[in-house]
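Scroll down for the structure; my scribbles are underneath it.
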Amino acid sequence: MIAIVDYDAGNLKSVEKALHYLGEETVITRERDAILCADKIILPGVGAFGDAMRNLEAFGLTDVLKEAVGENIPLLGICLGLQLLFERSEESSGPLGLGILKGEIVRIPKGEGRKIPHMGWNSLKVTEGSVLFHGLEKDPYVYFVHSYYLKAADESIVTATTEYGAHIHATVESGNLFACQFHPEKSGRTGLAILKNFAAIKK
């Protein structure tokens, strides 16, 4: 069972649909027991960093997510879900992030001809040995929708990068933690393969 965390930050149904296509059993939930009893957890999300953190706190999910990580349940953050795992974001002067991983979220710099938010397909440079990208072609294309990006403090956890006015840390893998700035559920066959690789991870 894969628990998809519901904290009113959208993107739940498209993630659920992709997982069902792969034959995975899912539950959309904000219940502590359902999350901690799951085989894996996905923290999706679109929207503003500050609002999302306030929602997580209001629903009592910050401690639940930290507890799940401590119990070594594989967790995948998607888009805003990636950003929330880190310490802070330039988007919000209010709530800090979960701080499970070290790093900050910064705004994509403006540039001539560069549209923000960054919406569209970009190729990735993938680190050899990545769990999420196992069996995929070199330099795969995935779909992004974001105005802010990750600068991880420890670059050894970064397993894929892309360029869009900045060197963007697009994917991280650290122990039982996995996260993508892009949307695998909207990235065609490549995205489905990434989700399949995550679903196959053993606790």
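The values are calculated or read from the model by the stated rules, or taken from the named source; none is laboratory data. Not measured: the values here are computed from a predicted model. Virtual Cβ from ideal backbone geometry, glycine too; neighbours counted across all protein chains shown. For the accessible areas, the whole protein counts, side chains as well, though only heavy atoms, and no ligand, DNA or RNA atoms are used. Shrake-Rupley method; radii C 1.70, N 1.55, O 1.52, S 1.80 Å.
One table, with the values for the structure above:
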{"item": "Phi to ³J(HN,Hα) by Karplus 6.51 cos²θ - 1.76 cosθ + 1.60 over the stretch 134-148, Hz, x for Gly, Pro", "result": "4, x, 8, 5, 5, 6, x, 9, 9, 9, 10, 9, 6, 10, 10"}
{"item": "Computed lengthening from A153 to E71, 0.36 nm per intervening residue step minus Cα-Cα distance", "result": "27.2 nm"}
{"item": "Amide H within-cut-off set for C79, under 5 Å, with H built and near neighbours excluded", "result": "C180, Q181, F182"}
{"item": "Residues whose placed amide H lies under 5 Å from that of T26, excluding near-sequence neighbours", "result": "I2"}
{"item": "Of all accessible heavy-atom area on the chain, the percent that carbon and sulfur account for (1.4 Å)", "result": "47 percent"}
{"item": "Cα-based reach from K196 at 16 Å (exclusive), listing aspartates and glutamates while leaving out same-chain residues under 8 positions away", "result": "E16, E24, E25, D39, E137, E173, E185"}
{"item": "Length gained when the stretch E128-E31 is fully extended (0.36 nm per residue, less Cα-Cα span)", "result": "31.3 nm"}
{"item": "Above-threshold pairs, the threshold being 30 Å between Cα atoms, out of K115/K202; K17/K203; K17/K110", "result": "K115/K202; K17/K110"}
{"item": "log10 of Debye I(q)/I(0), alpha-carbon scatterers only, for the stretch 110-203 at 0.10 Å⁻¹", "result": "-0.25"}
{"item": "Computed [θ] at 222 nm, deg cm²/dmol, the chain (DSSP H ≥ 4; -39,500 (n - 2.57); rounded to nearest 500)", "result": "-7000 deg cm²/dmol"}
{"item": "Relative contact order of the stretch 1-73, pairs being alpha-carbon contacts under 8 Å that are 6 or more residues apart, as %", "result": "41 percent"}
{"item": "FRET efficiency, 1/(1 + (r/R0)^6) with R0 41 Å, evaluated for K138 and K110 via beta carbons", "result": "0.85"}
{"item": "The stretch 94-203 - percent relative contact order, Cα under 8 Å, separation 6 or more", "result": "27 percent"}
{"item": "Amide hydrogen neighbours beyond the local backbone of A160, cut-off 5 Å, H modeled", "result": "T127, A170, T171"}
{"item": "Using θ = phi - 60° and Karplus 6.51 cos²θ - 1.76 cosθ + 1.60, couplings along the stretch 67-73 (whole Hz; Gly, Pro as x)", "result": "5, 4, 4, x, 8, 6, 7"}
{"item": "Percent RCO, i.e. relative contact order, over the chain, from Cα pairs under 8 Å lying at least 6 residues apart", "result": "20 percent"}
{"item": "Beta bridges per DSSP with both ends in the chain, % antiparallel, nearest 5", "result": "60 percent"}
{"item": "Value of Rg/Rh across the stretch 151-203 [Cα atoms, Kirkwood radius]", "result": "0.99"}
{"item": "Inter-site label distance for M119 and S93 at 7 Å from Cα along Cβ, in nm", "result": "2.8 nm"}
{"item": "Extreme residue, positive dipole direction of the chain, given options S123, G99, G23 (C-beta unit charges)", "result": "S123"}
{"item": "Ranked packing of 167-180, 144-157, 115-128, most packed first, by mean Cβ within 10 Å", "result": "167-180, 144-157, 115-128"}
{"item": "Volume of the Cα convex hull of the chain, divided per residue and given in Å³", "result": "103 Å³"}
